[in-house]
Structures are given as structure tokens and as C-alpha cells.
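The values are calculated or read from the model by the stated rules, or taken from the named source; none is laboratory data. The structure presented is a predicted model; accordingly, all values stated were derived computationally and were not measured. Cβ placement follows ideal geometry from the backbone for every residue including glycine, while neighbour counts extend to all protein chains displayed. Quick note on the areas: whole protein, heavy atoms, side chains included, nothing else; ligands and nucleic acids left out. Shrake-Rupley method; radii C 1.70, N 1.55, O 1.52, S 1.80 Å.
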Amino acid sequence: MQVTDLISKSGMKTAAGKLWTIPLMDATIGGLVCALGALVFSAAANGHPWKNLAPLIFTAVLLIIAGLFGSRAGVIGTVLAAMIFASFLFSPMGNIQVADESARVNLGWMTLIGIGFSFLFAPPTSGIRRH
């Protein structure tokens, strides 16, 4: 077998087909939707008195994403949302350390609930089918 056979067009298509399977695409899309939602939600909550409750309110979005895209997307989305809230919503800005005790506790609860809901309420396969 020659190197040119490995680099052929059909070989690349097969490798790309194996890399981008439907569960991986669902997890990627669901995680990105959660990340974008967390960015929008943190921008909307910034400066309001209820900003410490924003992660707990966002758990509804995590539950919907896990139900639509599967448990992997829910877990990835939960971790990304927690990092985004910690970096962009709570002080010190731009750092994942959170100075406020109640905000830190609410981020912990969001992470725990989001990961738990992802495994408990997500379908065994994703709800969205791409054929």
C-alpha cells in the first residue's frame, strides 16, 4: 500500500465521515447553543440585582438542550455555561474565579443540576435526527 492510496479522496471522505458522526455533531451543536445562550444571558443579566440567580434560571435552557441534543451536549453545555458565567458575569471579570459567595454557590448548583438533568432526562439517543 502506498502513501498516495492513504491520502486519496475516498480515504479522506471516510475519515471525515467517521470523525463527524451524528452524536458528535449533536454534542457540538448543543454545546455551542448553550455557550451562545450563556453569553446572551450573561449580557442581559449584567448590572441587574438578580444576576446572582442567572445560573439557576439558565438550568431550564440546559434541560431543553439535553432533551434535544442528548446527554453529551447537556454536559458540555453545562461546563461551557459555567465558565462563561464565571468569566463574564461575576467579578473579577475575565477570570473564572468568583468573588461573591452566593454567585459561587449558584454556579455550583447550576453545574450539579445541569449534569444531573443531562443524564436523567436526556433520551438515550438525541431527539434530532439527521439522515
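Each Lys or Arg adds one and each Asp or Glu takes one away; over the other residues whose Cβ falls under 15 Å from the Cβ of Gly108, this sums to -1. Where in the range 54-72 does the amide nitrogen come within less than 17 Å of the point 7 Å from the Cα of Phe119, taken along Cα to Cβ? Those under the cut-off are 63, 66-67, 70-72. Using only the alpha-carbon atoms of the range 47-92 as identical scatterers, what base-10 log of I(q)/I(0) does the Debye formula give at q = 0.15, 0.18, 0.20 Å⁻¹? Debye output, listed in q order: -0.40, -0.55, -0.65. Accessible surface calculations at 1.4 Å, restricted to protein heavy atoms, place the range 59-130 at 53 Å² per residue.
On the beta carbon distance between Arg104 and Leu32, with R0 = 25 Å, the FRET formula returns roughly 0.45.
Were the residues from Met83 through Val40 laid out at 0.36 nm apart, the gain over their Cα-Cα distance would be 14.1 nm.
With a cut-off of at most 13 other beta carbons within 10 Å, and DSSP calling the residue loop, which chymotrypsin sites (Phe, Trp or Tyr not before Pro) in the range 21-92 qualify? Please list them. Mind dumping the intermediate values first?
Details: sites: Phe41, Trp50, Phe58, Phe69, Phe85, Phe88, Phe90; in loops: Trp50, Phe90.
Filter output for the range 21-92: Trp50.
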